[in-house]
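Worksheet: one structure, shown below.
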Amino acid sequence: MSSPIYLIGARGCGKTTVGQALAAALGYDFCDTDYFLLQDSGKTVAEIVEQEGWPGFRRRESAALIAVTEPGKVIATGGGMVLAEENRQFMQDNGHVVYLNAPAEVLAARLEAFPDNAQRPTLTGRPIAEEMAEVLAARDLLYREAAHHIVDAMQTPDAVVQQIVNALSLARAS
Ligand code: ADP
Ligand code: MG
């Protein structure tokens, strides 16, 4: 029945913003794997990475994905969730996977407008536009491989929600 909907894509593509609006439109619950991780560990992403390294963060991320998965939920995933094959497979098998696709310049502009450094450690220490281009070059194929549906994330959040509802044929009952 109401399988969970996983939103995937790089930082800034709108997983949290669109996810909350999508959940409201469908009457689903919303959750964010990054937020779950913070609550569960009592640490910020930056602190986990500092204390446990990226492998430690990735282990916690896989556990979070499984922990939050249940029917009737929209799940915003961390940008690197698709890096592990087991995570891609788990999402494919357990719900609808939607890739919010936008070019690196758009992602960079959004992140620069609303910086949140504690929550979003830069991966390389280089300019954000350069970093996003590199991240997308490395991950775009993984996002595409993991996704059941790819939507254009450059439209307004409401329009992105509508694309997802159309793609999943989850028209509102009323
Ligand atoms: P993510 O959770 O994928 O990292 P967010 O939902 O936090 O992305 O969005 C990052 C920033 O981009 C926020 O400031 C948000 O308001 C903005 N944003 C998200 N989606 C859109 C959109 N479709 N159009 C314009 N701005 C957006
Ligand atoms: Mg988010």
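The values are calculated or read from the model by the stated rules, or taken from the named source; none is laboratory data. All figures in this text were calculated on a predicted structure; none of them were measured in a lab. As a convention, Cβ positions derive from the backbone with ideal geometry for all residues, glycine included, and neighbour counts pool all protein chains shown. Ligands, DNA and RNA are stripped out before the accessible areas are found, and what is left, the full protein with its side chains, is counted by its heavy atoms. Shrake-Rupley method; radii C 1.70, N 1.55, O 1.52, S 1.80 Å.
Among the listed residues ILE66, ILE128, ILE150, ILE75, identify the single one that is open to solvent by less than 60 Å² (accessible area, probe 1.4 Å), at pLDDT 95 or above and at negative phi. If you could, list the steps in order and put the result at the bottom.
Numbers: ILE66 fails: open to solvent by less than 60 Å² (accessible area, probe 1.4 Å); ILE128 fails: at pLDDT 95 or above; ILE150 fails: open to solvent by less than 60 Å² (accessible area, probe 1.4 Å).
When all the criteria are applied, what remains is ILE75.
Restricting attention to the range 6-64, which residues are of a type in the set (Lys, Arg) and either under 24 Å from ASP140 (Cα atoms) or within 16 Å of ligand 1 (Cβ to nearest atom) (or both)?
Initially, the range 6-64 is screened for residues of a type in the set (Lys, Arg), giving 11, 15, 43, 58-60.
Within the range 6-64, ARG11, LYS15, ARG58, ARG59, ARG60 meet the criteria.
Looking at GLN20, GLN51, which one is away from ligand 2 (no atom under 16 Å from the Cβ), part of a helix (DSSP H, G or I) and at pLDDT 95 or above? Reasoning before the result, please.
Values: GLN20 fails: away from ligand 2 (no atom under 16 Å from the Cβ).
Only one candidate qualifies: GLN51.
Of all residues being open to solvent by 60 Å² or more (accessible area, probe 1.4 Å) and modelled with pLDDT of 95 or more in the range 158-174, which is farthest from ligand 2 (Cβ to nearest atom)? Just the residue, please.
To start, the set of residues in the range 158-174 that are open to solvent by 60 Å² or more (accessible area, probe 1.4 Å) comprises 158, 162, 166, 169, 171-174.
Okay, now just the ones that are also modelled with pLDDT of 95 or more, so 158, 162, 166.
Values: ASP158: 18, GLN162: 20, ASN166: 23 Å.
The qualifying residue farthest from ligand 2 (Cβ to nearest atom) is ASN166.
Within the range 10-39, count every residue that is over 18 Å from the mean Cα position of the chain (by Cα) and open to solvent by 60 Å² or more (accessible area, probe 1.4 Å).
Residues flagged as over 18 Å from the mean Cα position of the chain (by Cα) and open to solvent by 60 Å² or more (accessible area, probe 1.4 Å) within the range 10-39 amount to 1.
Assuming THR33 fulfils every condition listed in (1) within 17 Å of GLU70 (Cβ to Cβ); (2) away from ligand 2 (no atom under 12 Å from the Cβ); (3) hydroxyl-bearing (Ser, Thr, Tyr) apart from one, which condition is it?
(2)
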